[in-house]
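S.K.: Here it is, the structure, as structure tokens.
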Amino acid sequence: MLVIDGCTVVTMDSGRAEYATGHIAVDGNRIVAVDAGPAPASLHAGRRVSAAGCLATPGLVNTHHHLYQWATRGQAVDATLFGWLTQLYPVWARIDEDVVRAAATAALGWLARTGCSTTMDHHYVFPASGGDVLGATVEAARAVGLRFHPTRGSMDLGTSAGGLPPDEVVESRDQISAASQAAIDKFHDPSPGSMLRVGLAPCSPFSVTADLLADAAALARSRGVRLHTHVAETAEEDEYCAEHFGCTPVQYLDSLGWLGDDVWIAHAVHLDDGSLRRLAGTGTAVAHCPSSNARLGAGICRARDLTAAGVAVGLGVDGAASNEASSLLGEVRQAALMARAAGGPEAMTVRQALELGTIGGARALGRSAEIGSLERGKLADIALWRIDTLPHAGIADPVAALVLGSRPPLELLLVNGEPVVEHDHLVTVDEQLAAEAARRAAARLTSSSG
Ligand SMILES: [Zn+2]
């Protein structure tokens, strides 16, 4: 039994209970008590964390990322999405499992440092000579200790067939189908409390064929795994869909059976009212990536309109190559600020922003019965933030301190009851070794560019 005592607790439960001073007890990988006041003496803790000056929240949930991109940060820094992709595809064509392992370990380590306990990964570049790049991300997640939802991504529409990616980074539909089935067979764990669930994720309307989207939906539904893709990210994508399919991106997905409560889509920036209602009506969830959208000048997602319509909205840092910061807590702040910049000061409260980063993300990944809030019986994924030091001491509202202030030191991050971060440092992997390996991986990709 581990007891965290004397902290402010923001539960994100259905009543949004908050305790100015409270406690949380963890037995194994489950939360067994969350309440106001000091922990009862009857709780016999093997470890007791005196947490005065701290704020406990659910561990944050990251609903969109490309871990391998940690090795290609800081490139095409002033480009639009299509310009950025066109510059980076040839670099990504040279990744292999060693590069991906180093990039993913660093990316996951930093996600943990920013309060993330569960993350997805969308991996869609599989060079023929690259080895087991998906397996490398799984290895990295096990080493860092995060709950992991990797998706087997794919691209089959190269430049010669009218797509955006160069032909050398696309695969055939047969290859993709076989690899997707193999990924589910090898890694997917559907059991309660699972640390690893696989999804399928063709990349985007301009890099995959309609046949591939249909294949993926059929396979996902036959195997009971979730579906993910990029949709409605930029105005250019709108134009591409109008020209090639004669409809909006969301209508295109709809025509292929790609909307439903087993689907979550990244971005959803350019939505008309009809598309927004259709997402709500079908139970399709959204991964909102505010920093990436701002960095690429893509636009501002209608996050509050989506949540008001009942859509499950989570947050994503998106790939590190379009969000060098890759801080999940940073996305909570960015979501609040961008919503207000577009819609006024009441467009998103600090608590609504934190909802997106916690229970909203859990809903988007289909895990809201298990994670995303601090409740008795849920999995012990807990972030404990220190808010009594120089940048935060004296801020009246602890949630405002967390969401609007600087990133606070992370006193403790528990994932499945196990410490991953203590006193603002990773305890599962060596941060300096991870940083050095990531630097070497990035240098190798750059030096082989010729
Ligand atoms: Zn993305």
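S.K.: Looking for something part of a loop (DSSP other than H, G, I, E, B) and β-branched (Val, Ile, Thr) - is there at least one such residue anywhere in the stretch 137-146?
M.R.: Within the stretch 137-146 (the criterion being part of a loop (DSSP other than H, G, I, E, B) and β-branched (Val, Ile, Thr)), the answer is no, since none of the residues qualifies.
S.K.: Further, regarding this structure: Against the definition (out of contact with any Lys or Arg (no Cβ under 9 Å at 6 or more places or on another chain), within 16 Å of the ligand (Cβ to nearest atom), in a helix (DSSP H, G or I) and at pLDDT 95 or above), how does Ser292 come out, yes or no?
M.R.: Considered against the rule, which asks whether it is out of contact with any Lys or Arg (no Cβ under 9 Å at 6 or more places or on another chain), within 16 Å of the ligand (Cβ to nearest atom), in a helix (DSSP H, G or I) and at pLDDT 95 or above, Ser292 comes out as yes.
S.K.: Okay, next question. Scan the stretch 47-55 and tell me whether some residue there is modelled with pLDDT of 95 or more and either over 26 Å from Gly357 (Cα atoms) or within 16 Å of the ligand (Cβ to nearest atom) (or both).
M.R.: Yes, the conditions are met somewhere in the stretch 47-55.
S.K.: Answer yes or no: is there a residue in the stretch 159-173 that is among the aliphatic types (A, V, I, L, M), modelled with pLDDT under 95 and crowded, with 19+ Cβ neighbours inside 10 Å.
M.R.: So far as the stretch 159-173 goes, yes, one or more of its residues are among the aliphatic types (A, V, I, L, M), modelled with pLDDT under 95 and crowded, with 19+ Cβ neighbours inside 10 Å.
S.K.: Condition check: closer than 22 Å to Leu306 by Cβ and out of contact with any Asp or Glu (no Cβ under 9 Å at 6 or more places or on another chain). Does Arg226 satisfy that?
M.R.: No; evaluated as a whole, the condition is false for this residue.
S.K.: Can you tell me which condition Gly314 does not meet? The list is (1) touching a Gly at 6+ places or on another chain (Cβ under 7 Å); (2) away from the ligand (no atom under 16 Å from the Cβ), and all the others hold.
M.R.: Condition not satisfied by Gly314: (2).
S.K.: I would also like to ask the following. Taking the stretch 1-16 on its own, how many of its residues are of a type in the set (A, V, I, L, M, F, W, C) and within 25 Å of the chain's Cα centre (by Cα)?
M.R.: Result for the stretch 1-16: 3.
S.K.: Take the stretch 186-216 and flag every residue that is closer than 21 Å to Val170 by Cα, surrounded by fewer than 21 Cβ atoms within 10 Å (Cβ to Cβ) and among the hydrophobic types (A, V, I, L, M, F, W, C).
M.R.: Ala210, Ala214, listed by residue number.
S.K.: Further, regarding this structure: What residue, of Val269, Val198, is within 16 Å of the ligand (Cβ to nearest atom) and at pLDDT 95 or above?
M.R.: From the options Val269, Val198, the qualifying one is Val269.
S.K.: Among (1) over 24 Å from Arg363 (Cβ atoms); (2) in contact (Cβ under 8 Å) with a residue 24 or more places away in the chain; (3) among the aliphatic types (A, V, I, L, M); (4) part of a helix (DSSP H, G or I), there is one condition Ala242 misses while meeting the rest; what is its number?
M.R.: Condition (2) is where Ala242 drops out.
S.K.: Please list, ordered by first then second residue, the pairs with beta carbon atoms under 6 Å, 6 or more apart or interchain, first in the stretch 132-146 and at positive phi, second in a helix (DSSP H, G or I) and of a type in the set (A, V, I, L, M).
M.R.: Every condition considered, no pair remains.
S.K.: Another question, if that's okay. Does the stretch 401-423 include one or more residues that are out of contact with any Lys or Arg (no Cβ under 8 Å at 6 or more places or on another chain) and of a type in the set (Val, Ile, Thr)?
M.R.: yes
S.K.: Only residues that are surrounded by 14 or more Cβ atoms within 10 Å (Cβ to Cβ), over 20 Å from Ser373 (Cβ atoms) and more than 21 Å from the chain's Cα centre (by Cα): list them for the stretch 410-429, please.
M.R.: Glu422, Val427
S.K.: Would you check if Ala20 is more than 16 Å from the ligand (Cβ to nearest atom), within 23 Å of Leu146 (Cα to Cα) and at pLDDT 95 or above?
M.R.: no
S.K.: Let me ask something else about it. Would you please name the residue that is nearest to Pro202 (Cα to Cα), looking only at residues in the stretch 254-266 that are of a type outside the set (S, T, N, Q) and either more than 16 Å from the ligand (Cβ to nearest atom) or assigned to a loop (DSSP other than H, G, I, E, B) (or both)?
M.R.: Trp258
S.K.: I'm trying to understand the selection: among the residues of the stretch 254-284, which are of a type in the set (A, V, I, L, M) and out of contact with any strand residue (DSSP E or B) (no Cβ under 6 Å at 6 or more places or on another chain)?
M.R.: Passing the criteria: Leu256, Leu259, Val269, Leu271, Leu276, Leu279, Ala280.
The values are calculated or read from the model by the stated rules, or taken from the named source; none is laboratory data. All values derive from a computational prediction rather than experimental measurement. Counting neighbours? That spans all protein chains shown, and the Cβs are built from the backbone with ideal geometry, glycine included.
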